[in-house]
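K.L.:
My questions will all concern the structure given below.
Where a number appears in this text, it was derived from the coordinates with a stated rule and is not lab data. For clarity, every value in this text was computed on a predicted model and none was experimentally measured. Reconstructed Cβ throughout: ideal geometry from the backbone, glycine too, with neighbour counts over all protein chains shown.
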Amino acid sequence: MKLEGIHHITAITSDAQDNVDFYAGVLGLRMVKKTVNQDQPTVYHLFYADEKGSAGSDLTFFEFPGVPEGRAGAGDVHRVVWRVGSRDSIEFWEKRLAENGVEPRREGGGLVFADPEGLEHELAVVEVDDEPLIADHPEVPGELALQGFHAARAYAASPDSSDVLLEALEFERVDGGWEARGDTRGGLYIYDEAPEERARQGAGSVHHIAWASTIDEHPQWRDRAIAGGAEPTPVIDRFYFRSIYFREPSGVLFEIATLGPGFTVDEPLEQLGEKLSLPPDFEHMRAEVEPNLRPVVNPRQG
């Protein structure tokens, strides 16, 4: 029983339209679901991924309008690492980001940059057998596009304190970090030394990271988390997937989410993300919720 790499990573934005413009417009991801935060349904929950809305490429954002910028510190994921296929891709993104007002820098053979609210990203040339998870975009050739998550980097004051839990969750030690690798996909979790400044959650900060489980094995992962010393929530049905949540000892909020039912459960694949989708338990709130959400223009539909 193994986790199938990273399922999704969820962060915070203060402005949904600016967020859409950057991730769907500049980075070329597909907005595959426009819905609400199920724990606070007055705010957006936006999902960006590959063309099919696949786990492993799914970066999501809660919009809290006007919230100040956050600051990553101990207990935070501070960098999202994406796979790309070649050096040509690095050169393409270095130029494209600069043309869109972003200042990338070369680091260790990859490219590091931040989104307009300070969330840090890295593009890394990675050779693995995992399927490349690519979105279609008229300005981004498929062979140069982002290919899904490779890793998440987190700040920790005492990373060794997480060993027991990560081992219980069947992560394996690799050079520089831990790997969750299943039958179809893998993802890395890497610790960095925490800065002295305390973390401050806000725009541009990561809220949680989710790891992928098959539906059949999902209840067993809750037992594994308990055996590793965590205190997971009961299984929560998020409609698009099922989830459990717990903090690992470094302070990072973990989720284990199922591979399915998926985003096509309430929209056809061709129309993902085009309208506000509300899970059945929230549909009765549409008349109350939708008028209070600022409309966003998806560049894919423009």
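K.L.:
Provide a single number: the residues in segment 92-106 that are β-branched (Val, Ile, Thr) and part of a helix (DSSP H, G or I).
P.N.:
The number of residues fulfilling the criteria is 0.
K.L.:
Continuing with this model, one more query. Please report, ordered by residue number, the strands (runs of 3 or more DSSP E) entirely within segment 205-299 with at least 1 residues that are among the acidic types (Asp, Glu) and buried (at least 18 other Cβ atoms within 10 Å of the Cβ).
P.N.:
Per the criteria, 253-261.
K.L.:
So which of Asp160, Asp183 is exposed (fewer than 14 other Cβ atoms within 10 Å of the Cβ), more than 20 Å from Leu3 (Cα to Cα) and out of contact with any helix residue (DSSP H, G or I) (no Cβ under 9 Å at 6 or more places or on another chain)?
P.N.:
On inspection, the qualifying residue turns out to be Asp160.
K.L.:
Among the residues of segment 33-81 satisfying the criterion of being of a type in the set (A, V, I, L, M) and either under 13 Å from the mean Cα position of the chain (by Cα) or at positive phi (or both), which is surrounded by the most Cβ atoms within 10 Å (Cβ to Cβ)?
P.N.:
Selected residue: Ala55.
K.L.:
Restricting the first residue to segment 273-301 and requiring it to be within 30 Å of Gly28 (Cβ to Cβ), which pairs with a second residue that is among the small types (Gly, Ala, Ser) and part of a loop (DSSP other than H, G, I, E, B) meet a Cβ separation below 7 Å and a spacing of at least six or different chains?
P.N.:
As it stands, the answer is Asn298/Gly273, since those pairs meet every condition given.
K.L.:
Of everything in segment 22-32 that's in contact with a strand residue (DSSP E or B) (Cβ under 7 Å, 6 or more places away or on another chain) and in a loop (DSSP other than H, G, I, E, B), which residue is surrounded by the fewest Cβ atoms within 10 Å (Cβ to Cβ)?
P.N.:
The extreme case among them is Gly28.
K.L.:
Continuing with this model, one more query. With respect to Glu167, determine if the residue is touching a strand residue (DSSP E or B) at 6+ places or on another chain (Cβ under 7 Å) and part of a helix (DSSP H, G or I).
P.N.:
Considered against the rule, which asks whether it is touching a strand residue (DSSP E or B) at 6+ places or on another chain (Cβ under 7 Å) and part of a helix (DSSP H, G or I), Glu167 comes out as no.
K.L.:
Scan segment 110-124 for residues that are surrounded by 22 or more Cβ atoms within 10 Å (Cβ to Cβ) and part of a strand (DSSP E or B) and jot them down.
P.N.:
Those that are surrounded by 22 or more Cβ atoms within 10 Å (Cβ to Cβ) and part of a strand (DSSP E or B): Leu111, Leu123.
K.L.:
Would you call His78 over 23 Å from Leu272 (Cα atoms) and part of a strand (DSSP E or B)?
P.N.:
For His78, the condition - over 23 Å from Leu272 (Cα atoms) and part of a strand (DSSP E or B) - is met.
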